Amino acid sequence: MEQSLSPGLYIVATPIGNLGDITLRAVEVLRGVAAVACEDTRVTGKLLHHLGLKKPLVRYDDHAREDDRERLLARMETEPVALLSDAGTPLISDPGYRLVRTARERGIAITSLPGASAAIVAITLSGLPSDRFLFAGFLPNKAKAREEVLAELARVPATLVFYETAPRLDATLTAIGRVLPGREVAVARELTKKFEECRNGAPADLAAHYAAHPPKGEIVLLVAPPADEDPENFDVDALLRAQLTDAKPSQAAARVAKVTGLDRKTLYARALELK
């Protein structure tokens, strides 16, 4: 017999690869909801079929219109509705923020069911510091914007976590090597699946490996925190030389200043000497 659920929104985390990672509570809730709002009805349909369930599916993604959201919100007033993304926890670089935000503003009951998350799996697998981390989602597509974001995060004393796609991996590793020199990086991919791997190393070495072995599947990129926050202990000349390989002295000085916190004018003068 299905357990009766109260009206409201139920945020349900789903497997990121291995269907065995669905929780018993998630199955129980999916069995009891009146409808499922999901990123892709085909993907969610396969999951429900695997679980032996059949529910009305409503497409809800980043392109959903306001009236689509309003219809879901109205339904939550009188019925239990589940929110799923294609894989992992909804809202974590997946659709759902506006829906949850509006539901809270209107006093609609919200229940969130914990479960799989690629970011958390990657952190625990990588061997990088896990006591403090910053999840930054996807980096920008354009090279300049990508490097600007990395520069903004350069002095954060925590492991940085990004989601990435296989076609952009090389460009992103190159950017990390340029903007965050000397950092250990981990590439975690195909998590929980048959060909799961987590490879650690310098950005250039990882880029060379994946150039020879083109990656497939979803990727989580992790960057180790700064090794030493004391500017006096930075090898400034080494950092500047690395930047001067493809940047003007002014650009090299700006990049190193963001990483170290040292004076930009002083770094520029030194960059001119090294150039």
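The values are calculated or read from the model by the stated rules, or taken from the named source; none is laboratory data. As the structure is a computational prediction, the values presented were derived from the model and not from experiment. Glycine also receives a Cβ, built like all others from the backbone with ideal geometry; neighbour counts cover every protein chain displayed.
Details
- The set of residues from region 5-40 being of a type in the set (S, T, Y) and buried (at least 16 other Cβ atoms within 10 Å of the Cβ) comprises Y10, T14, T23.
- Residue within region 243-255 that is buried (at least 17 other Cβ atoms within 10 Å of the Cβ), in contact with a Pro (Cβ under 7 Å, 6 or more places away or on another chain) and touching a residue at least 12 places away in the same chain (Cβ under 8 Å) present: no
Residues checked against (1) surrounded by 14 or more Cβ atoms within 10 Å (Cβ to Cβ); (2) assigned by TED's automatic domain parsing to the domain that holds V81; (3) under 17 Å from the mean Cα position of the chain (by Cα):
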position	(1), (2), (3)
G96	yes, yes, yes
E105	no, yes, no
I108	yes, yes, no
L134	yes, no, yes
N141	no, no, yes
K144	no, no, no
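- Single match in T124, T102, T78 (criterion: outside any helix (DSSP H, G or I) and either closer than 28 Å to L222 by Cα or not charged (D, E, K, R) (or both)): T78
- Number of the condition not met by G32 [criteria: (1) free of Cβ contacts under 8 Å to residues at least 24 places away in the same chain; (2) within 18 Å of G115 (Cβ to Cβ)]: (1)
- Residue within region 152-170 that is at pLDDT below 95, acidic (D, E) and surrounded by fewer than 16 Cβ atoms within 10 Å (Cβ to Cβ) present: yes
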